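Here the structure is laid out as structure tokens; the discussion comes afterwards.
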């Protein structure tokens, strides 16, 4: 009897982590040319949304300094194309940073980025970019992100005015000529705060619009979120997303957290993942699932191997079929590799999985993902021989 | 009137304390990493690189109990170019390979496990050793002597510390 129970337990344990056990990834496709000395690509935007799909198109948006200064670039391919088209320069100005991309219908995309201290938005349709629209006011603006729902466009960024900071959210639409049209701008919080707000992430689902960000008003970094059920006309009072941990010493304010990424999935659900330093050994990857303007308990989602090593750069994606995925990088196997996990049908996080095409010798890091409606996973990441060497961007499709 | 002044004082104290948390220790001339590299090249000085975190309890303890020591402040300021990295910030820096990234990404790639972490560099900007967690005033002086007096050229840190 005991033997039978053990067999059953073993059989169940083989099945339960199997969300990604059968996943196969395509041979990687280069998004950018071979690494060149002195050129560095970055996928470091707020919310880490650097890839999107629309219809048959796949679009990748990043920053690199191939022109001599940091600028934003877009590359596209169809699902059937063997390669990406040559990159299109999106930004102008002296320097541009931290872009984000989201899909519109009919093979179109909306792009946002920071350029010389201002936030710009543009669309890509057919074969061209629309004229960029400057969204931010006179204040110093940075850390922009974007989300879409049924072709409604929302953009978030932070603004610094003297010694105060605020998050601004714009609601946009597109004209028949595919130009960006600004509908409204409003702050998330009623009043600006005296400490920096950082790297807001934005997501939508059938119930509304979520924004999550780093807040320092508590004397250490906490993650806050807010929700709007009326197309960004108003927001609920910000709530804490990460649970509070402290060693309760004389000096302790609480643990560190940083770089949250959120994504809508299903009809009305939301996933958040972030770096959380509530235990020793660097940041872990923690996540929370929410709905109806609230989040549930925090869960550690990185696996036991390398638990006490740092984990970095989480990114999230979801689809309408109730599927969601979180990716990040850590060096539990020596060098930095890409890792991912997903919710199973019971709402439990599956075992960590590292796609072989984004693992092995050298550094593979800074993944960004788009989970399409068929459950296909579009994955991009940065590859370099070591943390100081030049970089290259890769893409792979997992099914 | 007293109530108004009290409120103003509380607001000011809160504002100042929040800002103090984000910063390296007071009365030290800590620079962003890329500016420290340039300064060290011009001054031919070693670099003391401090990875801190906003609200980190051990960092605050060291600020109050160690970095506040006048002799340590004088020694560190005279011997080193001081660099500070906020491990969660989006402040942009240029690394010595020319790459532009943020302080958070620099800390992540440097595999910093916790804060505070201190890295001592030679005059030639070669990393010599790393220390993490609370360090006493005496330890900080020993590390300082080890680097600035050139003991690292002939002796391992562990051997130097045991002989001291």
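Read-outs: derived from the displayed coordinates by stated rules, not from any lab. Note that this is a predicted model, so its numbers are computed, not measured. Positions of Cβ are generated from backbone atoms using ideal geometry, with glycine treated the same way; all protein chains shown enter the neighbour counts.
Taking the fewest neighbouring Cβ atoms within 10 Å as the starting point, the ordered list for B:33, A:97, A:397, A:283 is A:397, B:33, A:97, A:283.
Taking the Kirkwood radius as Rh and the Cα radius of gyration as Rg, segment A:26-398 has a ratio of Rg/Rh equal to 0.94.
Per residue, how big is the convex hull around the C-alpha atoms of segment A:161-259? Give it to me in cubic angstrom, could you?
120 Å³
The C-alpha atoms of chain B define a longest principal axis, and helix B:33-43 lies at about 50 degrees to it.
Segment A:231-245 and segment A:342-399 have Cα centres spaced 29 Å apart. Distance between the C-alpha centres of segment A:134-203 and segment A:52-70: 21 Å, rounded to the whole angstrom. To the nearest 10 degrees, how steep is helix B:70-79 against the longest Cα principal axis of chain B, on a 0 to 90 scale? Roughly 50 degrees between the two axes.
Measuring nothing but how far apart in sequence close Cα pairs (under 8 Å, 6+ apart) lie, relative to its length, segment B:29-106 scores a relative contact order of 39 percent.
Please give the length that would be gained between residue B:134 and residue B:79 if that part of the chain were fully extended, namely 0.36 nm times their separation in residues minus their C-alpha to C-alpha distance (nm, one decimal).
Numbers: separation 55, 0.36 × 55 = 19.80 nm, distance 2.10 nm.
Additional length available on full extension: 17.7 nm.
Across all Cα atoms of segment B:54-115, the radius of gyration (one decimal) and Dmax (whole number) stand at 13.9, 37 Å.
Compared with the dominant Cα axis of chain B, that is its longest principal axis, helix B:137-148 is turned about 40°.
Take chain B, connect every pair of alpha-carbon atoms lying under 10 Å apart with a spring to form a Gaussian network, then pick out the residue of B:150, B:55, B:98 with the largest mean-square fluctuation. Highest fluctuation among the options: B:98.
Note on chain A: helix-only mean residue ellipticity at 222 nm, from DSSP H runs of 4+ residues weighted -39500 (n - 2.57) and normalised by residue number, equals -1000 deg cm²/dmol.
Convert 4 °C to kelvin, take the viscosity as 1.567 mPa s, use the Kirkwood radius over C-alpha pairs of segment A:235-315 as Rh, and evaluate the Stokes-Einstein diffusion coefficient in µm²/s, rounded to a whole number. The Stokes-Einstein estimate is 95 µm²/s.
Residues A:188, A:110, ranked from the fewest to the most other C-beta atoms within 10 Å, line up as A:188, A:110.
How high is the relative contact order of chain A, given as a whole-number percent (alpha carbon pairs under 8 Å, six or more residues apart)? Write down the numbers at each step before the final one.
Details: 1132 pairs, mean separation 56.0, N = 399.
RCO, chain A: 14 percent.
Dimensions of segment A:101-209 based on its C-alpha atoms, expressed as ranges along the principal axes with the largest first, amount to 43, 33, 20 Å.
Relative contact order, whole percent, for segment B:28-163 stands at 30, derived from Cα pairs under 8 Å and 6 or more residues apart.
Using the rule -39500 (n - 2.57) for each DSSP H run of four or more residues, divided by the residues of chain B, the 222 nm mean residue ellipticity is -13500 deg cm²/dmol. Ranking of A:311, B:34 by neighbouring Cβ atoms within 10 Å, starting from the fewest: B:34, A:311. Of all the options A:237, A:250, A:214, the one that moves most in a Gaussian network model of chain A with Cα springs shorter than 10 angstrom is A:250. Considering only A:126, A:243, A:389, the mean-square fluctuation computed in a Gaussian network model of chain A, springs between alpha carbons under 10 angstrom, is largest for A:126.
Checking a compactness column here: for chain B, what do you get for Rg(Cα) / (2.2 N^0.38 Å), N being the number of residues? Write down the numbers at each step before the final one.
Working: Rg = 17.4 Å, N = 164, 2.2 N^0.38 = 15.3 Å.
Compactness ratio reported: 1.14.
With each label modelled as a point 7 angstrom along the Cα→C-beta vector, the residue A:173-residue A:27 pair spans 4.7 nm.
When the P(r) is computed for segment A:41-151, the part past 17 Å accounts for 49% of the Cα-Cα pairs.
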